[in-house]
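**Student:** Have a look at this one before I ask anything.
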Amino acid sequence: MSALFPTRNSLSAKCRQSVCALLNQTLAELTDLQAQARQAHWNVRGRQFYPLHLLFDQLNGELGAQLDPLAERITALGASANGTIQQVVAASKLPAFPTDARGELDYVTALAERFGLVATGVRQRVDECATLGDTGSADLLTGISQVLDKGLWFLEAHTV
């Protein structure tokens, strides 16, 4: 990560550097997950097309709503938010979305797996931010984990 910009934020530079790395990882994964939800929204077919089309669009929007506050927190702490496509691709640890998915449950299953992975990572980062002493970032990530958990719940409801 590059040098931090000057700020009067009372968190130490070391803390801010570490937290911003965690937040940028989350930014990459959420951006990737949002794009995967959008891919599912555009391409789902089948008997449940309409409700899944709407659900995937809702998930896309809810994920997108988390990106700006996350990126702004990174910049408020003095770092750069890494949100270009190239940066996201380089940083995201999510598996690629299956572009050969055909059945509607293929889309649901793929998204549920990825929502679970991202939610697990975000919860770990909540604890790391709290340990580093940045309760503000921990709080932001806690809210994001709740959005992810709700999305996962909606997806898994289609798999029973």
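The values are calculated or read from the model by the stated rules, or taken from the named source; none is laboratory data. If you're wondering where the values come from, they're calculated on a predicted model, not measured in any experiment. Every residue, glycine among them, receives a Cβ derived from its backbone with ideal geometry; neighbour counts consider all protein chains shown. Keep in mind that these areas ignore ligands, DNA and RNA; they rest on the heavy atoms of the full protein, side chains included. Shrake-Rupley method; radii C 1.70, N 1.55, O 1.52, S 1.80 Å.
**Student:** Between the helical axis of 104-132 and the dominant principal axis of the chain, each derived from Cα atoms, what acute angle in degrees is found, rounded to the nearest 10?
**Tutor:** Computed tilt is about 20 degrees.
**Student:** Run the Debye formula on the Cα coordinates of region 1-79, all scatterers equal and no solvent, and tell me log10 I(q)/I(0) at q = 0.14 1/Å.
**Tutor:** Summing over Cα pairs of region 1-79 leads to -0.56.
**Student:** Still on this structure, I have one more. If you stretched the chain out fully between residue 65 and residue 127, how much longer would it get, using 0.36 nm times the residue separation minus the C-alpha to C-alpha distance?
**Tutor:** Taking 0.36 nm per residue and subtracting the Cα distance, the gain is 20.1 nm.
**Student:** If you line up the long axis of helix 135-156 against the longest principal axis of the chain, both from Cα atoms, how many degrees apart are they, to the nearest 10?
**Tutor:** Tilt relative to the chain: about 10 degrees.
**Student:** Measure nothing but the geometry: give the 0 to 90° angle between the long axis through the Cα atoms of 49-76 and the longest principal axis through the Cα atoms of the chain, rounded to 10°.
**Tutor:** 10 degrees
**Student:** Something else about it: How would 149, 134 line up by accessible area, probe 1.4 Å, largest first?
**Tutor:** Details: 149 65, 134 5 Å².
Largest accessible area first, the residues go 149, 134.
**Student:** With the cut-off at 29 Å, report for the chain the share of all Cα pairs above it, as a whole percent.
**Tutor:** On the way: 2733 of 12720 pairs.
When every Cα pair of the chain is considered, 21 percent fall beyond 29 Å.
**Student:** Can you divide the C-alpha Rg of region 116-160 by 2.2 N^0.38 Å and report the result to two decimal places? Walk me through the intermediate numbers first.
**Tutor:** Details: Rg = 12.1 Å, N = 45, 2.2 N^0.38 = 9.3 Å.
Cα Rg divided by the expected 2.2 N^0.38 Å: 1.29.
**Student:** Rounded, prolate or oblate: which fits region 83-160 when a ≥ b ≥ c are the square roots of the eigenvalues of the alpha-carbon gyration tensor, with rounded for a/c under 1.5 and prolate only if a/b beats b/c?
**Tutor:** Details: a/c = 3.29, a/b = 1.56, b/c = 2.11.
Oblate, since a/c reaches 1.5 and b/c is not below a/b.
**Student:** Return the FRET efficiency for the residue pair residue 48, residue 80: r is the Cβ-Cβ distance, R0 is 30 Å, and the value is rounded to the nearest 0.05.
**Tutor:** Efficiency, from the Cβ-Cβ distance: 0.15.
**Student:** How much accessible surface area, in Å² rounded to 10, belongs to the heavy atoms of residue 18 with a 1.4 Å probe?
**Tutor:** Accessible area, nearest 10 Å²: 50 Å².
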